[in-house]
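Trainee: So that we are looking at the same thing, I have put the structure below in structure tokens.
Since every read-out is calculated from the coordinates, none of them should be taken as a lab result. What you are looking at is a predicted structure, and each value in this text was computed from that prediction instead of being measured. Cβ: placed from backbone, ideal geometry, glycine included. Neighbour counts: every protein chain shown.
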Amino acid sequence: MVRPKKFLGQHFLRDANIARRIVEALEVTDPVTPVLEIGPGTGVLTAFLEEQFPTRLRLVEIDRESVDYLKTRFPALAGRMLHGDFLAMDLEEIFPEPFVIIGNFPYNISSQIFFRVLDHKNRVTQVVCMLQKEVADRIASKHGSKVYGILSVLLQAYYDIEILFKVSPGVFHPPPKVMSAVIRLKRNARKELPCDEVLFRTVVKQAFQKRRKTLRNALKHLNLPAAVSAMDLMDKRPEQLSVEDFIYLTQLLEKGEGDQV
């Protein structure tokens, strides 16, 4: 059996019923969309995924010991196992068409995985994953919440997000010290934002890096146009702004582009 490795953030799910529920949460109705499992570990999700998606499932695993074990347990999938780091892979080459992602995400890189999803938002149509409940709450939270932050805004701009159920530590080996949760992200109908998307991401990140300050102070390094700086909106703190508010703010900065970037 594969030994869980602390440096990889591995906590192997042992409960087949929960694994089944996670796989059943993946809503794929067409017969061709590829399915990518990130970090299959010992294959508890893989067993149900292979049954449901026998010809279009691919796995990516960074741990060589896990890869060797999975090839023995799932010989039919041996040619579709990618040994490597998901965060460093050329996803456009591997998946030129739209695909979906599922997995029990390592706690230590879950946020990085979501930023990678954002980079490929026009091809990643759905994500079903288990991760630390605290991170799940943050991603799904609405403006006004204390945990609302960068990933909340960026992901909600492009995805509808739903927390499906909580998972207790006792169903893992080794048990983590925190609760977990399973969430589903489904790509919304917005093909692109009605503003400069690079500037949008910059504004969101800069605002929350100084979340205790008003937007006027948090964004002052952008040399805000006087008309924008004087707005009542700039008296607010970042967690008070909805996704649409951040889009509107980005549009205002675009209009004053010659003065502030």
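Trainee: What number, in nm² with one decimal, is the all-direction average of the projected area of the convex hull of the alpha-carbon atoms of the range 121-188?
Mentor: 5.0
Trainee: Taking the Cα centre of the range 205-261 as the origin, how large is its charge dipole in debye, to the nearest 20, when only Lys and Arg (+1) and Asp and Glu (-1) carry charge on their Cβ atoms?
Mentor: Result for the range 205-261 is approximately 420 debye, rounded to the nearest 20.
Trainee: Next up: Given just the C-alpha atoms of the range 102-226, how large is their convex hull per residue in cubic angstrom?
Mentor: Measuring per residue, one finds 120 Å³ for the Cα hull of the range 102-226.
Trainee: Sticking with this structure for a sec: Which percent, nearest 5, of DSSP beta bridges in the chain are antiparallel?
Mentor: That works out to approximately 50 percent antiparallel.
Trainee: Looking at the range 9-92, which trypsin sites (Lys or Arg not before Pro) are DSSP coil and have at most 14 other C-beta atoms within 10 Å of their C-beta?
Mentor: Those that pass, being in a loop and sparsely packed, are R14.
Trainee: What are the ³J(HN,Hα) couplings of the range 107-124, residue after residue, when phi is run through the Karplus curve with 6.51, -1.76, 1.60 and θ = phi - 60°? Round to Hz, x for glycine and proline.
Mentor: 4, 6, 10, 4, 5, 5, 4, 5, 5, 5, 4, 4, 5, 10, 4, 7, 10, 8
Trainee: For the chain, compute Rg over Rh where Rg is the Cα radius of gyration and Rh is the Kirkwood radius from the inverse mean 1/r over Cα pairs.
Mentor: Using Cα coordinates only, the ratio equals 1.03.
Trainee: Amide H of L164 versus every other amide H placed in the peptide plane: which residues, excluding those fewer than 5 positions away on the same chain, fall under 5 Å?
Mentor: V182, I183, R184
Trainee: I've got another one for you. Direction-averaged shadow area of the convex hull around the Cα atoms of the range 165-213, nm²?
Mentor: 6.5
Trainee: Considering Cα pairs under 8 angstrom that are at least six residues apart, work out the relative contact order of the range 29-181 and quote it in whole percent.
Mentor: 19
Trainee: Quick one, what does Rg over Rh come out to for the range 191-255 if you take C-alpha atoms and the Kirkwood Rh?
Mentor: Rg/Rh for the range 191-255 comes to 0.92.
Trainee: Under 5 Å between amide H atoms, partner at least 5 residues away or on a different chain: which partners does N188 have, H built in plane at 1.01 Å?
Mentor: Y159, D160
Trainee: Continuing with the same structure: Report the calculated FRET efficiency for N223 and E244 (r = Cβ-Cβ distance, R0 = 35 Å), to the nearest 0.05.
Mentor: So, using R0 = 35 Å, E works out to roughly 0.90.
Trainee: Could you list the GluC sites (Glu not before Pro) in the range 117-211 that lie in coil according to DSSP, counting only those with at most 15 other Cβ atoms within 10 Å of their Cβ?
Mentor: Passing sites in the range 117-211 are E192.
Trainee: Given an 8 Å cut-off on Cα distances and at least 6 residues of separation, report the relative contact order of the chain as a percent.
Mentor: Once normalised by length, the contact order is 16 percent.
Trainee: Of the beta bridges DSSP finds with both residues in the range 94-193, what % are antiparallel, to the nearest 5?
Mentor: Counting only bridges with both partners in the range 94-193, antiparallel ones make up about 70 percent.
Trainee: State, to one decimal in nm², a quarter of the convex hull surface area for the C-alpha atoms of the range 46-169, i.e. the direction-averaged projected area.
Mentor: So the Cα hull casts an average projection of 8.5 nm².
Trainee: Which ³J(HN,Hα) values, rounded to whole Hz and listed in residue order, are derived for the range 143-159 from phi using the Karplus coefficients 6.51, -1.76 and 1.60 in 6.51 cos²θ - 1.76 cosθ + 1.60 with θ = phi - 60°, glycine and proline given as x?
Mentor: Each residue's phi maps through the Karplus curve to give 4, x, 7, 5, 9, 5, x, 4, 5, 4, 5, 5, 6, 5, 5, 10, 10 Hz.
Trainee: Same structure, new question: Per residue of the range 89-100, what does 6.51 cos²θ - 1.76 cosθ + 1.60 with θ = phi - 60° give for ³J(HN,Hα)? Whole Hz please, x for Gly and Pro, Karplus curve as stated.
Mentor: So the J values, rounded to whole Hz, are 7, 7, 5, 5, 6, 6, 10, x, 10, x, 8, 10.
Trainee: Which FRET efficiency, nearest 0.05, do N188 and S145 yield, Cβ-Cβ r, R0 30 Å?
Mentor: With R0 = 30 Å, the Cβ-Cβ based efficiency is 0.90.
Trainee: Less than 14 Å apart at the alpha-carbon level, and either on another chain or at least 8 residues along: which aspartates and glutamates does that give for K205?
Mentor: E197, E239
Trainee: Using modelled backbone amide H atoms (1.01 Å from N, in-plane), which distant-in-sequence or interchain residues come within less than 5 Å of L82's amide H?
Mentor: Amide H neighbours of L82, under 5 Å, 5+ apart: L59, V60, E61.
Trainee: Right, something else. Grab the Cα-Cα distance for D85 and R212, subtract it from 0.36 nm times how many residues apart they are, and report the gain in nm with one decimal.
Mentor: 42.2 nm
Trainee: Helix-only mean residue ellipticity at 222 nm, the chain, DSSP H runs n ≥ 4 weighted -39,500 (n - 2.57), per residue, nearest 500. What is it?
Mentor: -9500 deg cm²/dmol
Trainee: For the range 1-81, what ratio Rg/Rh do Cα atoms give with a Kirkwood hydrodynamic radius?
Mentor: Rg divided by Rh gives 0.95.
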